[in-house]
1. Mind giving me the FRET efficiency for Asn70 and Thr194? R0 is 51 Å, r the Cβ-Cβ distance, nearest 0.05 is fine.
2. Got a sec? How would Ser344, Ser273, Ser28 order by Cβ neighbour count within 10 Å, fewest to most?
3. Please order Arg300, Arg361 by the number of other Cβ within 10 Å, starting at the fewest.
4. Can you match mean projected area of the Cα convex hull in nm² to one of these, [x] 21.2; [y] 19.7; [z] 31.1, based on a calculation from the structure here?
5. In whole Å, how far is the Cα centre of segment 244-304 from that of segment 5-64?
6. What order do you get for Phe400, Phe265, Phe178 when you list them from fewest to most C-beta neighbours inside 10 Å?
7. Taking only Cα atoms and a 10 Å spring cutoff, compute GNM fluctuations for the chain and point out the largest among Asp231, Asp152, Asp247.
8. Trypsin sites (Lys or Arg not before Pro) within segment 28-65: which are DSSP loop residues with at most 13 other Cβ atoms inside 10 Å?
Amino acid sequence: MKKGSLSYEAIQSMLLEKMHERGCSTVSVTLCRYVSNSIFRMMKDLGYKEYCKEGASKVLNTYLSQKGANQYYSDLKTTIRRMDDLLDGTWKERHGQRRRQFSLARDQIGVIEDYCSFCESAGRKPGTIAIKKYATSWFLYEMTGIGCSSIDCMTRDMVARACIKVTDHNLWGEIRVFLKYLSEKGVLLADYSTVVPHYRKPYVIPSVYSEEEVLQIENSIDLESATGKRDYAMLLLASRMGLRSGDIVNLRIQDIDFDSGTIDFIQQKTNTSQHLLLLEDVRKAIQDYIASRPVSKESRIFLTACAPYGPISTGSIRYAMRKHISKAGISTAGRKKGPHSMRSSMASSMVNDSVPYETVRRILGHSSENAIKHYARIDIERLRPYCLIPPLPTGPFRDFLGLRKEG
């Protein structure tokens with residue numbers, strides 16, 4: 001075996017084992033096996049008897065020149081990158097931790113653990129707690145770096161200086177909540193949360209598609225195949241019912257009462273119950289898919305297209321959406337192509353049809369009453385009457401523009 005190479009069986013075995021260790025889904029592992037087998041076949045066609053970076057690079061370049069940069073090219077590129085990392089022994093550094101690790105004093109670790117326990121008891125989800133732990137760890141690490149080795153020594157000036165060193169400004173809000181907590185619990189004698197700078201995220205207008213474009217996407221789906229029926233039902237749940245991709249993935253057969261025409265489920269994002277009337281087109285699409293889906297004891301409705309038949313992932317929905325939008329020939333310039341764009345499109349259509357904001361909020365399942373303001377910003381027809389005509393420039397500003405006074 002040459003240096004810098006491994007047998008195809010060995011590199012694939014290592015890759016699949018690593019993916020299992022990371023907790024990847026069965027779907028992801030199966031896809032990885034399929035893609036890696038394709039890579040090995042192409043490398044053999046190019047004359048390579050073992051896996052090496054040179055051969056893998058040629059495979060990528062050959063595929064790119066023949067097929068172009070499509071979704072499968074991205075899958076090839078990702079799988080090759082992972083195998084190259086295993087070959088170089090750099091998997092741990094690249095894939096072991098997505099976030100920085102901070103060396104903290106024992107009392108700092110204790111305070112963070114107490115704070116995370118408090119957040120957990122308040123009902124915060126594990127993902128949210130992980131972000132809070134990361135933000136507070138980074139903050140206390142920077143405090144140590146500027147000479148504050150103990151929380152008792154914290155000053156307003158130190159807080160301000162440490163926040164500046166936390167370059168991910170999205171975390172400033174978490175630091176502010178953490179300092180407020182320390183003040184309320186008596187760990188700090190003063191409330192330093194007011195020292196933390198405020199950062200407003202840039203506002204992004206939701207990606208929306210017109211009713212005509214959504215209909216065009218729906219009509220592009222082949223309803224003769226089981227996969228097409230599945231994709232069509234998922235698309236309607238997003239575009240007609242406004243369901244999030246996570247809720248579509250977890251939707252179970254028992255969540256739907258076809259006789260009364262209702263859906264009842266627990267929203268994954270908010271952990272709150274949602275009760276919706278089932279539109280006739282959506283009901284028929286789901287029933288058509290269930291009648292043709294693979295035989296399985298799985299209670300979740302939507303299954304993978306290939307054996308072993310298991311529940312799909314949100315990535316499957318995103319891939320299906322991109323595929324059908326492309327097939328419909330719709331320009332996506334400046335717009336996202338995932339299932340959430342269908343949810344945004346439905347919300348935008350309802351708002352522009354003068355449906356009350358509160359009704360839209362309830363249908364979408366937003367727990368916060370302020371959430372619908374996100375969609376109110378694109379209520380173009382209602383905003384149009386409030387458009388102001390700018391006055392003509394006068395005085396120094398007119399002179400600055402080089403305009404002459406009329407008359």
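A short reminder: the numbers here are calculations on the coordinates, not readings from a lab. All of these numbers come straight from a predicted model, not from anything done at the bench. When we count neighbours, we look across all protein chains shown, and the Cβ atoms used for this are built from the backbone with ideal geometry, even at glycine.
1. With a Förster radius of 51 Å, E is 0.50.
2. Details: Ser344 24, Ser273 10, Ser28 14.
Starting with the residue having the fewest Cβ neighbours, the order is Ser273, Ser28, Ser344.
3. Arg300, Arg361
4. Here the calculated entry is [z].
5. After rounding, the separation between the Cα centres reads 36 Å.
6. With the fewest neighbours first, Phe400, Phe265, Phe178 line up as Phe400, Phe265, Phe178.
7. Looking only at Asp231, Asp152, Asp247, the biggest GNM fluctuation is shown by Asp152.
8. Numbers: sites: Arg33, Arg41, Lys44, Lys49, Lys53, Lys58; in loops: Lys49.
Passing both the DSSP loop test and the Cβ count: Lys49.
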